[in-house]
Amino acid sequence: MNEQVGLRGRAWFKALTGSDAPNSGDPHSVLATTAAVGNEQALFLCVVPDKGSRFPCVRDGQVGLEEAFTLAAHLRAVIAEDHDKSREAKRSIIAIVDVKSQAYGRREETAGIFFAAAASADAYASARMAGHPVISLVAGQAFSGGFLTHGYQANRILAFDDAGIVIHAMHKEAAARITRRSVAELEKLGHDIAPMSYDVQDYAKLGLLFKLLHVDDPQHPTSNEVAEVREAITEAITDARKGKLDLSNRWESDTARTMRKGTLAVRAALEEQWFNG
Amino acid sequence: MSASILIPDFVNRKSFIELDARARAQSLFDEGTWKELVGPFDRIESPWLAKQGIAPQFDDGCVVIKGKIGGSPAVTIAFEGAFQGGSVGEVSGAKMTAALDLATKDSKAGKPTAAILLLETGGVRLQEANLGLAAVAEIISSVLALRQHAPVITIVAGTVGCFGGMSLVAGVSSYTIMTREARLGLNGPEVIEQESGIDEFDSSDRALIWAIHGGEQRVGMGLADLLVEDDAGKIAAAVLSCVRKGVPEKHRTEQVELYRARIAALDTSSQIDPATLRQQRANTKGGVR
Amino acid sequence: MEKIEFNYPEAKRLITKRAHVGVVGSGDMEVLLEPNSEEGAHVFITTSVNGFGDAWRSVFDRFFSKFDGAVRIYINDAGATPGSVLLRLEQAVEVIEQ
């Protein structure tokens, strides 16, 4: 499956924007362009594998130093350009997500990838807090630090509903090793314990998603499917513009009320004790 | 001859690292001003660990204390490294997010409330995987909301270090305080060795680990702010100085072009020597602070 | 993981303070000790190590042969030895008897 990483991301970036060429000055692993969605222009961002990257540990579609700062630079530019516009007029930002992980490399750690990832997460969140609708479309994999860097700060998250979608904190083999279980045991546990599941249908139960979308073959979108996905993005944008600028919708959603009781109990108790005493 | 002449400093020093999360958090406040919120007696435990046969902890390994530092309102949120490696679960993560949000609420209402995060954590708790990862995203968002109004100060003291998603939380903080014993990075050496091979990172090479992730290096690189001795009094003084400085004019993570240019200038044809890189950074002191 | 409960109805002395000590680290445990609203003592144990009910029973029999407070005791255990359990209990008692 690893060979497939980034292919879906690239396919959807091209389908939605009409291009998949990197900008001059950007690493070839970041796609960024302005394109129409609904009746407006939006900034589309995607991280794709670049076999020729000068950082060896990102060549399979991991998110590394250059990717993080390039995303942040595009986001900061849009925030600055739209600074004086009303909330309704601020451009939407569409993150197309298909990332296998953050880069696991020594060069990256030495130069401070934690900080690069933080700068990108900051830029995404700053765009959201400034009033830009930020929509993530999970077209393939969304793992761990890769997702935190690219996409997890969105107001609204969309994902395809097929087996190739994996949103998780760590890939199966590593998670099994660290929690001292076999991969089979881990898969079985996922059926009972939704947050551990690698199945996007279980992920949807956590209340973090805006919507699951169906396409027959995410790597080869048909024009009808592209139109449907565009519509879903437009709907997410409209919903984001009406909603709060923080992430509270994630724990206040109907699904979260059953799955995230712990979160809600903590928030209620802490608020009560904060103001009394 | 007085005793103070005979007894060297390090004997009288009160180690911060040897304290548990609760005692660390308490040690930062003005005496008699603090109160723990949603503590162990409230018994809000992880709903997920027991289902997997793992004993939970009454506070889920996260201590929230509200009080005053140098007379100013502050809240400290401390992760306990001895419980599940200080990992972020649904409950511990929600505690941090909720406390940050309440500090933001107070700050917006005219009562600026600083947050101090004591991060001893390997990152997401894999037994709560996706809710841990979601919690990290929410914590980052809540830090960013608060830091517009009041400083968010991260302390990485040791010995667990601060890794995984929580390293991004350190990254977006207004100030980061470290000791020489602390480590800060996205991926720990074992994880890199496992994923990319021993040629990429030999996790038994202690010198290399400290050269890259250690507090002295991170502060020297300008990716953390203060290097402080493992001494509870000195760490409290460092926190106080950051509270007094208030919100920085510009946060580090906002200076994208400066740091992007530094990455562009890296020679990646072979591994990067940490000491040389630190020297270069020291010579080109950019950044607002 | 196992949940174990014990009752010690003879422990009737009024207790007013509460205590929390320990951490659920490997080979360690935490204990919460708080006043019981009714007479007698109740013990609630959650342990990640199964099959040691008798060992827990003898530790608490020993503990309540000396301690007579009407308390509720909650324990989260990650494999503490009987010796460490008694030590943690004594630390908790020290806090409430101060």
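For segment A:60-144, what does the alpha-carbon gyration tensor say about shape, rounded, prolate or oblate, given a ≥ b ≥ c as the root eigenvalues, a/c under 1.5 as rounded, and a/b over b/c as prolate? It is oblate, given that a/c is not under 1.5 and a/b is not larger than b/c.
Using Cα-only point scatterers and the Debye equation, what is log10 of I(q)/I(0) for chain B at each q in 0.09 Å⁻¹, rounded to two decimals? The Cα Debye sum returns log10 ratios of -0.44. Within the shell of other residues whose beta carbon sits under 11 angstrom from the beta carbon of residue A:127, the net charge comes to +2, with Lys and Arg scored +1 and Asp and Glu -1. Computed over the protein assembly as shown, the quotient of the alpha carbon radius of gyration and 2.2 N^0.38 Å is 0.97. For segment B:8-59, the relative contact order works out to 26 percent when only alpha carbon pairs closer than 8 Å and six or more residues apart are counted.
The apolar share of the surface of chain C, taken as the fraction of accessible area on carbon and sulfur atoms (1.4 Å probe, ligands and nucleic acids excluded), comes to 49 percent. Dipole magnitude for chain C: computed about the Cα centre from +1 point charges on Lys and Arg Cβ and -1 point charges on Asp and Glu Cβ, it is near 100 debye. Accessible area per residue (1.4 Å probe, heavy atoms of protein chains only) ranks A:10, B:252 as A:10, B:252, with the largest value leading. Looking at segment B:100-133, which residues lose a minimum of 20 Å² of accessible area between their chain alone and all protein chains in place, measuring with a 1.4 Å probe and not counting ligands or nucleic acids? Checking the loss per residue gives B:101, B:102, B:105, B:106, B:126, B:127, B:129, B:130, B:131, B:133.
With protein chains left intact and a 1.4 Å probe, residues in chain A average 36 Å² of accessible area per residue. Multiplying the residue separation of residue A:226 and residue A:39 by 0.36 nm and subtracting their alpha-carbon distance yields 65.8 nm. Per-residue mean of foreign Cβ neighbours for B:249-260 is 6 (Cβ atoms of other chains, 10 Å radius). Between the beta carbons of residue C:12 and residue C:81, assuming R0 = 41 Å, the FRET efficiency works out to 0.85 to the nearest 0.05.
Leaving out ligands, DNA and RNA, calculate the buried accessible area for the pair B and A with a 1.4 Å probe, summed over both sides, in Å² to the nearest 100.
7000
Extension gain for residue A:183 to residue A:89 (0.36 nm times residue separation, less C-alpha to C-alpha distance): 29.0 nm. Just add up the charged neighbours of residue A:193: K/R +1, D/E -1, any other residue whose Cβ is under 13 Å from the Cβ of residue A:193. Local charge sum for residue A:193: -2. Peptide B:140-151 is shielded by partner chain Cβ atoms: per residue, an average of 4 of them sit within 10 Å of its Cβ. Model label points for residue A:28 and residue A:269, set 7 angstrom from Cα along the Cα-to-Cβ axis, are 5.4 nm apart.
In this rough spin-label picture, where each label sits 7 Å from Cα along the Cβ direction, the residue A:192-residue C:5 distance is 2.2 nm.
Counting Cβ atoms of other protein chains within 10 Å of each residue's Cβ and taking the mean over peptide B:163-176 gives 5.
Take the alpha-carbon centre of segment C:1-80, take the same for segment B:162-219, and report the distance between them in whole Å. Rounded to whole Å, the Cα centres lie 40 Å apart. Scanning chain B for GluC sites (Glu not before Pro) that sit in a DSSP loop and have at most 15 other Cβ atoms within 10 Å, the longest stretch containing none of them is B:32-248. Measuring r between the beta carbons of residue A:20 and residue A:219 and using R0 = 22 Å, the FRET efficiency lands at 0.95. Between the helical axis of C:82-96 and the longest alpha-carbon principal axis of chain C there is an angle of about 30 degrees.
State which entries of A:51/B:250; A:90/A:211; A:51/A:244; A:261/B:234 exceed 32 angstrom in Cα-Cα distance in the structure shown. Kindly include the intermediate steps, with their values, before the conclusion.
Details: A:51/B:250 36 Å; A:90/A:211 23 Å; A:51/A:244 40 Å; A:261/B:234 40 Å.
Over 32 Å apart, Cα to Cα: A:51/B:250; A:51/A:244; A:261/B:234.
Roughly how many Å is it from the Cα centre of segment A:250-277 to that of segment A:118-179, as a whole number? If we compute the Cα centre of each part, the gap is 23 Å. Across the protein chains, with a 1.4 Å probe defining accessible surface, the residues C:58, B:46, C:84 rank C:58, C:84, B:46 from largest area downward.
I'd like the FRET efficiency for residue B:207 and residue A:252, computed as 1/(1 + (r/R0)^6) with the beta carbon distance as r and R0 of 60 Å, rounded to 0.05. After rounding, the FRET efficiency stands at 0.80. Pull out a ≥ b ≥ c, the square roots of the eigenvalues of the alpha-carbon gyration tensor of segment A:87-135, then state rounded if a/c is under 1.5, prolate if not and a/b is larger than b/c, and oblate in the remaining case. Taking the square roots of the gyration eigenvalues as a ≥ b ≥ c, segment A:87-135 is oblate.
Largest accessible area first, the residues B:95, A:14, A:261 order themselves as A:261, A:14, B:95 under a 1.4 Å probe with ligands, DNA and RNA left out. For segment A:230-242, 3J(HN,Hα) computed residue by residue from phi via the Karplus equation (6.51, -1.76, 1.60; θ = phi - 60°) reads 4, 5, 5, 5, 4, 4, 5, 5, 4, 5, 5, 5, 7 Hz, glycine and proline entered as x.
Once C binds B, the 1.4 Å probe can no longer reach about 1300 Å² of accessible area, counting both sides. In a shell of Cβ-Cβ distance under 14 Å around residue B:169, excluding residue B:169 itself, what net charge do Lys and Arg (+1) and Asp and Glu (-1) give? My count for the surroundings of residue B:169 gives 0. Estimated from helices alone, the mean residue ellipticity of the protein assembly as shown at 222 nm is -12000 deg cm²/dmol (sum of -39500 (n - 2.57) over DSSP H runs with n ≥ 4, per residue). Only the Cβ atoms of Lys and Arg (+1) and of Asp and Glu (-1) were treated as charged; on that basis the dipole of chain A about its Cα centre amounts to roughly 540 debye.
Inter-part distance, segment B:98-136 to segment B:5-78, computed on C-alpha centroids, equals 15 Å.
The values are calculated or read from the model by the stated rules, or taken from the named source; none is laboratory data. Predicted model, so just to flag it, every value in this text is computed and none were measured. A quick note on method: Cβ atoms are made from the backbone with ideal geometry, for glycine too, and the neighbour counts reach across all protein chains shown. Heavy atoms of the whole protein, side chains included, go into the accessibility calculation; ligands, DNA and RNA do not. Shrake-Rupley method; radii C 1.70, N 1.55, O 1.52, S 1.80 Å.
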